[in-house]
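The values are calculated or read from the model by the stated rules, or taken from the named source; none is laboratory data. Quantities reported herein were computed from a predicted structural model and do not represent experimental measurements. For neighbour counting, all protein chains shown are included, and Cβ atoms are generated from backbone atoms with ideal geometry for every residue, glycine included. Note: accessible area is taken over every heavy atom of the protein model, side chains too, but ligands, DNA and RNA are not part of it. Shrake-Rupley method; radii C 1.70, N 1.55, O 1.52, S 1.80 Å.
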Amino acid sequence: MCIDRRTKENLDIVKRVLDGERYHYLSEDNCPVIMFPMVIKARISRIEYKVRAFDDAILVFAEAPVIAPCEDEERMGEVTEMICRINYGLRAGSFDLDVCSGKLIFRCCIDCEDIIPSEEMVRNSIACTSSMFRRYADAILDVFFGGGSAEEAVSYADFIGRMKEILEKDLAGGDDGDEDDSDGDEYGDEYDDECDDDDDGDDDGDDDDGCSAGENDD
């Protein structure tokens, strides 16, 4: 597969960010897809990233290692309501659910038309994706497998998220101004899956990352 100049430039920017942050990733020649795992501090403890470069966009998305109970129609009603409630309040990115396979992903898109994206734009999109899984991991698992209510699970997750943000801001006000970029995530040492040439992003995105919700006050 041959990629055009603009796509390669966007892909190189992503690689510079990942190299600078010491991510261990898989990338094949002439393939516009980069894959890497991330371990996060949440009940969903590991997510699988794919970053897909285009000539006019960079798509960052991550898949959770949990499958929605598609065979349970009543439970899937709560699952889809949960996804809608979460997405309604987001400022950037969205959760996507494949109702046939039960696959859950979060995606962010960086618009690169007529511009060269900055490394900070890529870094923020990666951080946004992991922060959303940290924020809503409990809600996702509770609604998927625990018989929980979508409304209650999302409301509680947003409440806890806001409390953490307030606490972090209070603590930041008393430090010496030095920011610690570490959020406790650890990056996997290797990624053994193959790079799919036909991946268009359809199969498979602290905290103050610009995509936090905090608007789901039902």
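Summary of computed values
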quantity	calculated
Filter result (among the small types (Gly, Ala, Ser), in contact with an Asp or Glu (Cβ under 8 Å, 6 or more places away or on another chain) and under 23 Å from Asp111 (Cα atoms)) within region 13-69	Gly20, Ala57, Ala62
Leading residue by the ranking (nearest to Arg52 (Cα to Cα)) among those in region 115-143 that are among the polar types (S, T, N, Q) and open to solvent by less than 40 Å² (accessible area, probe 1.4 Å)	Ser125
Some residue of region 24-35 being assigned to a helix (DSSP H, G or I) and out of contact with any Pro (no Cβ under 6 Å at 6 or more places or on another chain)	no
Odd one out for Cys112, checked against (1) open to solvent by less than 10 Å² (accessible area, probe 1.4 Å); (2) modelled with pLDDT under 95; (3) within 18 Å of the chain's Cα centre (by Cα)	(3)
Ser182 being among the small types (Gly, Ala, Ser), at pLDDT below 95 and over 18 Å from Met82 (Cβ atoms)	yes
Selection from region 37-61 of residues that are more than 27 Å from Val143 (Cα to Cα) and either touching a His at 6+ places or on another chain (Cβ under 9 Å) or open to solvent by less than 10 Å² (accessible area, probe 1.4 Å) (or both)	Val51, Ala53, Ile58
Check on Arg91, open to solvent by 70 Å² or more (accessible area, probe 1.4 Å) and closer than 18 Å to Ala157 by Cα	yes
Residue check for Val17: among the hydrophobic types (A, V, I, L, M, F, W, C) and either loosely packed, with under 15 Cβ neighbours inside 10 Å or part of a strand (DSSP E or B) (or both)	no
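Residues are listed down the side, and each one gets a yes or a no for (1) at pLDDT 95 or above; (2) assigned to a helix (DSSP H, G or I); (3) of a type in the set (S, T, N, Q):
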| residue | (1), (2), (3) |
| --- | --- |
| Val60 | yes, no, no |
| Asn87 | yes, yes, yes |
| Arg91 | no, no, no |
| Val99 | no, no, no |
| Ala137 | yes, yes, no |
| Leu141 | yes, yes, no |
| Glu152 | yes, yes, no |
| Ser155 | yes, yes, yes |
